[in-house]
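Note sheet for the following structure.
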Amino acid sequence: MGAVPAGLMILIFNLKYIELFYDELLLDPLLFIVGQIIYLLVNAFNDPLLGNLSDRTDPKRWGSRRIIYIKYGAPIWALTFLLVWFICS
């Protein structure tokens, strides 16, 4: 039962996400699809590489395999997220 609200929220977001690009921004559907394919390909290579790097991190040296990436990667992620929204507005 707990998965139903999360699944519905993801479904609604995806519907609104596509509607935003098509209806509000008037983006050509072909460009949207090309962008999604590029995103898919980048993630297909990026995720296993970063997962492998994370798995080879020495937990004795850093205290955890993933904390170091969260600790130093989170500010970079937050900055890039903010730049996207502030530059567009």
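The values are calculated or read from the model by the stated rules, or taken from the named source; none is laboratory data. Nothing here was measured: the structure is a model prediction, and the numbers come from that model. For neighbour counting, all protein chains shown are included, and Cβ atoms are generated from backbone atoms with ideal geometry for every residue, glycine included.
Quick one: would you say residue 27 is modelled with pLDDT of 80 or more, surrounded by 10 or more Cβ atoms within 10 Å (Cβ to Cβ) and not in a helix (DSSP H, G or I)? Reasoning before the result, please.
Details: modelled with pLDDT of 80 or more: yes; surrounded by 10 or more Cβ atoms within 10 Å (Cβ to Cβ): yes; not in a helix (DSSP H, G or I): yes.
Here the answer is yes, as residue 27 does meet what is asked.
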- Query: Under the condition of being outside any loop (DSSP other than H, G, I, E, B) and among the small types (Gly, Ala, Ser), which residue from the range 30-85 is modelled with the lowest pLDDT?
  - Reply: 54
- Message: Pairs needed: first member in the range 1-24, surrounded by 11 or more Cβ atoms within 10 Å (Cβ to Cβ); second member anywhere, part of a helix (DSSP H, G or I); C-beta distance under 8 Å; at least 6 residues apart or different chains.
- Response: 18/32; 21/32; 22/29; 22/32
- Item | Cross-chain or 6+ apart pairs with Cβ under 9 Å, the range 57-76 first and surrounded by 10 or more Cβ atoms within 10 Å (Cβ to Cβ), then modelled with pLDDT of 80 or more and among the polar types (S, T, N, Q) | 64/57; 65/57; 66/57; 68/57; 69/57
